[in-house]
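One structure is given below, encoded as structure tokens.
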Amino acid sequence: MPEFRLYNSLTRQDEPFAPADGHTVRFYACGPTVYNPAHLGNFRTFLFEDLLRRVIRLRGWDVEQVMNLTDVDDKIIKRATEQGKTIREVTDPIVEIFHADREFLRVQRAEHYPRATDYIAEMITLVQRLEQKGVAYKADDNSVYFAIDKFPTYGTLSRLDTREIKSGARVSQDEYAKENAQDFALWKSAKAEDEACEAAWDSPWGRGRAGWHLECSAMAMAILGETIDLHAGGIDLMFPHHEDEIAQSEAATGKPFARCWCHGEFLLTDGTKMAKRVGNVATVADLRANKVSPAALRHFVFSTHYRKQLNLSGEALEASQEAVRRVGDFADRLERELAGTPELAQVAETLMVEATAALYDDLNAPRAMAALFDFISAANREFDRRGSDKGSLLRARDVFAQVNAVLDIIPERGLDDATLAAWVEEQLRLRADARGRRDFAAADEIRKAIEAKGIVIEDAAGATRWKVVR
RNA sequence: GGCGCCGUCGCCAAGUGGUAAGGCAGGAGACUGCAAAUCUCCCACCGUCGGUUCGAUUCCGACCGGCGCCUCCA
């Protein structure tokens with residue numbers, strides 16, 4: 001079995017990866033802040049994490065994955081205040097949308113989706129541990145901060161020299177309570193609006209709420225343990241979020257927080273980062289409105305390596321839509337065929353070897369997909385030769401299923417509409433009659449009528465097949 | 001100012017020190033009544049300029065162009 005390798009942001013190198021216990025990968029992925037439906041940029045990261053999860057399972061390991069839901073932060077409080085709601089009333093519907101979108105894009109369910117507000121006690125305990133270690137201090141504003149100069153290795157992940165953060169960087173001017181501009185909040189004292197929307201809790205430092213960075217450390221350690229195998233997220237989280245997670249966690253436990261860090265690159269639109277502030281976001285709702293299939297989006301995302309920026313365009317999406325159509329047609333054929341040639345088994349082995357080699361090589365999905373398309377061509381060729389080897393067919397099905405269990409890019413079938421189906425079958429009977437009479441004009445008329453309903457027909461040797469294409 | 005990434009066929013995109021995967025689009029055939037699907041064949045010398053090397057798209061340097069992080073952020 002080929003070695004499973006991942007690029008570790010911590011060492012900036014490809015490294016062999018295996019779970020510490022040799023069995024279960026303890027995996028933490030930073031999740032969404034639930035004040036707005038996640039956009040496709042967010043989902044690119046979740047798709048990359050889905051790929052990672054599925055490849056880990058292909059490799060034979062179990063996964064215990066945590067994805068947090070940040071359900072208390074400035075933006076949520078702002079929205080709650082504007083709408084006169086509690087933060088829970090703001091976040092609950094968004095959490096539902098997140099899961100619906102997630103399912104739509106076939107992102108597998110993680111084992112845990114902890115909400116930050118359900119782990120306040122763990123966060124308070126963590127802050128207390130940090131106070132005991134002397135790396136946290138309470139400021140005049142009743143907030144608690146982490147003193148980064150008490151944590152000498154601060155900056156290791158992002159390689160940002162704190163002394164160099166100057167000209168281009170904007171440092172918030174209003175947080176004067178901090179001893180050092182780089183210190184970050186562990187616990188924020190409550191303001192009136194926080195109380196109004198139920199975003200404040202009791203603590204040893206008075207009413208307040210946990211800082212954003214703290215939740216990930218607290219929940220990761222509470223659910224997965226003090227040293228986890230894998231921590232993933234978008235590249236933008238590397239600094240300061242992940243840097244701060246490392247500082248908090250390791251200062252408290254004295255142990256490494258995550259053995260391997262993985263960061264996914266951005267999705268761009270029109271050449272710039274997809275972000276609400278830029279106003280170029282696209283969502284799963286847009287995808288649905290434009291009838292882009294989830295399989296096509298997955299193909300599109302996986303056609304570029306996860307550590308490379310990817311530009312979203314209608315053209316690229318259409319190419320993926322078409323590519324995935326081919327995969328779907330082949331999947332149908334694989335089901336339909338009764339046997340293959342002996343060579344088909346060999347072709348399947350090649351796919352298995354090449355796809356796993358690519359996937360285990362730092363999740364090289366583009367290469368795995370190339371292997372898949374090579375396989376589809378070769379297998380089609382073998383089927384055209386009309387063999388009678390049952391075993392090779394079964395092997396081809398098995399390997400195709402294994403690769404697709406990772407990529408999951410077979411487009412969904414058209415909606416089951418019994419009335420429409422009956423109508424199509426009736427039309428096809430009429431058409432068959434017309435063709436039998438060699439009345440091709442009439443046959444073509446019928447085909448046109450069927451195609452007008454978004455259905456394409458294929459005259460095969462025995463019968464005529466049809467499928468919904470839109 | 002600091003840190004980092006990228007520039008490969010019309011579009012998307014892998015990859016390697018010894019003359020470039022795959023997808024989409026396109027062209028020519030086969031099959032078909034015609035289509036559709038499928039098959040066959042065709043379709044790039046890797047941003048520019050230097051350097052290292054027997055040999056570089058692949059290493060080094062400079063330059064040009066694009067993007068990101070350093071602030072909430074997937």
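How much net charge surrounds A:ILE446 when only other residues with a Cβ under 11 Å from its Cβ are counted (Lys, Arg +1; Asp, Glu -1)? Don't jump to the answer; show the numbers that get you there.
On the way: positive: A:ARG429, A:ARG431, A:ARG435, A:ARG447, A:LYS448; negative: A:GLU426, A:ASP433, A:ASP439, A:ASP444, A:GLU445, A:GLU451.
Once all neighbours under 11 Å are counted, the net charge is -1.
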Lysines whose Cα lies under 19 Å from that of A:LYS276, excluding same-chain neighbours fewer than 8 positions away: A:LYS75, A:LYS78
Grab the beta carbon distance between A:GLU426 and A:ASP140, set R0 = 56 Å, and tell me the FRET efficiency rounded to 0.05. 0.10
Describe numerically, in nm with one decimal, the distance between label points set 7 Å from Cα along Cα→Cβ at A:ALA20 and at A:TYR113. 2.8
Which value in deg cm²/dmol, rounded to the nearest 500, describes the helix-derived mean residue ellipticity at 222 nm for chain A, given -39,500 (n - 2.57) per DSSP H run of n ≥ 4 and division by the residue count? -15000 deg cm²/dmol
What percent antiparallel are the DSSP beta bridges of segment A:1-134, to the nearest 5? 30
Using the C-alpha atoms of chain A, what convex hull volume per residue, in cubic angstrom, is computed? 163
Using alpha carbons only, how many degrees (0 to 90, rounded to 10) separate the axis of helix A:212-224 from the longest principal axis of chain A? 70
Cut-off under 5 Å, modelled amide H: who pairs with A:ARG26 long-range: A:ALA20, A:GLU64, A:ASP229, A:LEU230
Using Cα centres only, tell me the gap between segment A:55-74 and segment A:418-469 in whole Å. 47
Using 7 Å Cα-to-Cβ label points, what is the A:ARG435/A:ASP286 separation (nm, one decimal)? 4.2
Helix axis angle, A:243-253 relative to chain A longest principal axis, alpha carbon, degrees: 60
I'd like the FRET efficiency for A:ASP270 and A:THR464, computed as 1/(1 + (r/R0)^6) with the beta carbon distance as r and R0 of 41 Å, rounded to 0.05. 0.40
Set A:LYS308/A:LYS453; A:LYS255/A:LYS308; A:LYS133/A:LYS188, cut-off 28 Å on Cα-Cα distance; pairs above it are A:LYS308/A:LYS453; A:LYS255/A:LYS308
Net charge contributed by nearby residues that have their C-beta within less than 15 Å of A:PHE104 (K/R +1, D/E -1): 0
Where both residues lie in chain A, what percent of DSSP beta bridges are antiparallel, nearest 5? 50
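Using 0.36 nm times the number of residues separating A:ALA316 and A:ALA100, minus their current alpha carbon distance, what extension gain do you get?
Fully extending the segment from A:ALA316 to A:ALA100 adds 75.3 nm.
Quick note: the coordinates plus some simple rules give every number you see, no bench work behind them. In this text, all values refer to a predicted model and were calculated from it rather than measured experimentally. Reconstructed Cβ throughout: ideal geometry from the backbone, glycine too, with neighbour counts over all protein chains shown.
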